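No value in this document is a laboratory result; all are computed from the given coordinates. Keep in mind the model is a prediction, meaning the values are calculated, not measured. Please note: Cβ atoms are built from the backbone with ideal geometry, for glycine as well, and neighbour counts cover all protein chains shown.
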Amino acid sequence: MSKFWNELVQKLDPYVPGEQPKDKKYVKLNTNENPYPPSPKVVKAIKQAVNEQLRLYPDPNADELRKTAAEHFQLDPEQIFVGNGSDEVLAFSFMSFFSAENPVAFADITYSFYKVYANLCSLSPKIIPLNEDFSLPVKAFCEPNGGVVIPNPNAPTGRGVSLSEVKEILEANKDHVVIIDEAYIDFGGESVIPFINDYPNLLVIRTLSKYSSLAGIRVGYALGQKELIDGLNRVKNSFNSYTIDRLALAGAKAAIDDDAYYQEMAKKIVTTREQTIERLQNIGFTVVPSQSNFIFASHTEVDAEVIFHELRDHGVLVRYFNQPRISNHLRITIGTDEEMDKLIDALKLILKK
Ligand code: PMP
């Protein structure tokens, strides 16, 4: 390939998703999936859709799903935009609301997709370092920005921001879109959805991949005032109107309808998280306070990269981030109690060496 083409292609820096290994069965604690199955009502709805609807094109407007989500969050269906996973909703949001003149601000460190997308859209993002304890430097997000994206709680640290802090950021960025990515909000955070009707600049992004245990069907959505949602629809319709397939629409609707099932599951995950934090601290780990279904930890004596590789040899997969500020940290998804027992047993063997 010529130098020209090589340079052109090298600039396209892709998002690298967490590993989905095929070599053997791991205790898989590396991609923040839910360890429990989706609601039986979801499975039933998908089976029914297989039998009755596969012949037909899906509804390009996802009307029923938007209506269900709107009722659940006490909004209007026109305040909901549905996409193929929240990654796609984020991608449309970046394309719709940010520009090189209005560079989006986000933290270092945060969900790595933001940087990839900002670069692909030539946005020259403004990157704001987190505080030493990984909390959000709220004041820096209140300085002039061309837009803001904040996951609450943050990934990969698991730290949340309070409602009053989000309010401060919304007030200071009235002329630009503020995206709050609530992928992990149901594991102990405070949602800003009740602010939507007061803030035309607020766009909240949700996913069914974590809390609803439906990473396999790829559904995410955005909530905001009608004008912002209309902006997203315009961009989406320029590409492909049939974004969500019928099985995903049926499963997602049933999941939102069966919130009681998921609330119990989230409670269980939070209990396991708190027990795991204590067990990790007992064997020499420092753990960042978490409001999500994962924890961010480093060991006082043993290097995270070494632990990561040895855990893999023991059949336990976690995430190791090889970035400057966090190179000595592991991100560990909360699994079932049995899976966390296996993690702790493996760690004890590794640390004894
Ligand atoms: N936001 C954050 C903060 C995430 O960690 C993830 C999952 N990797 C997503 C969005 C995307 O989730 P999905 O595309 O599965 O909806």
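General remarks:
- A Förster distance of 25 Å, applied to the separation of the beta-carbon atoms of residue 281 and residue 259, puts the FRET efficiency at 0.15.
- Distance in nm between pseudo-label sites at residue 271 and residue 171 (7 Å out along the Cβ direction from Cα): 4.0 nm
- Candidate lysines - alpha carbon under 30 Å from residue 174, same-chain residues fewer than 8 apart omitted: 67, 115, 126, 139, 226, 236
- Rounded to 0.05, the FRET efficiency of the residue 72 and residue 240 pair, given R0 = 30 Å and the Cβ-Cβ distance, is 0.70.
- Ratio Rg/Rh [Cα only; Rh per Kirkwood] for segment 128-188: 0.94
- Here's the picture: charge each Lys and Arg Cβ at +1 and each Asp and Glu Cβ at -1 in segment 40-257, and of 58, 200, 91 the one pushed furthest to the positive end of that dipole is 58.
- Cα-based reach from residue 24 at 17 Å (exclusive), listing lysines while leaving out same-chain residues under 8 positions away: 342
- Estimated [θ] at 222 nm from DSSP helical runs (n ≥ 4, -39500 (n - 2.57)) normalised by residues in the chain, nearest 500: -12500 deg cm²/dmol
- Dipole magnitude of segment 100-175, debye to nearest 20 (Cβ charges: Lys/Arg +1, Asp/Glu -1, about Cα centre): 160 debye
- Using a simple spin-label model with pseudo-atoms 7 Å out from Cα toward Cβ, residue 99 and residue 322 lie 3.9 nm apart.
- Part-to-part distance (alpha-carbon centres) for segment 288-305 and segment 54-103, which is given in Å: 33 Å
- Protection proxy ranking, peptides 226-232, 187-193, average beta carbon neighbours within 10 Å, highest first: 187-193, 226-232
- Partner aspartates and glutamates for residue 167 [C-alpha distance under 13 Å; skip if fewer than 8 residues away on the same chain]: 190, 198
- Computed over the chain, the ratio Rg/Rh where both radii use C-alpha atoms and Rh is Kirkwood: 0.97
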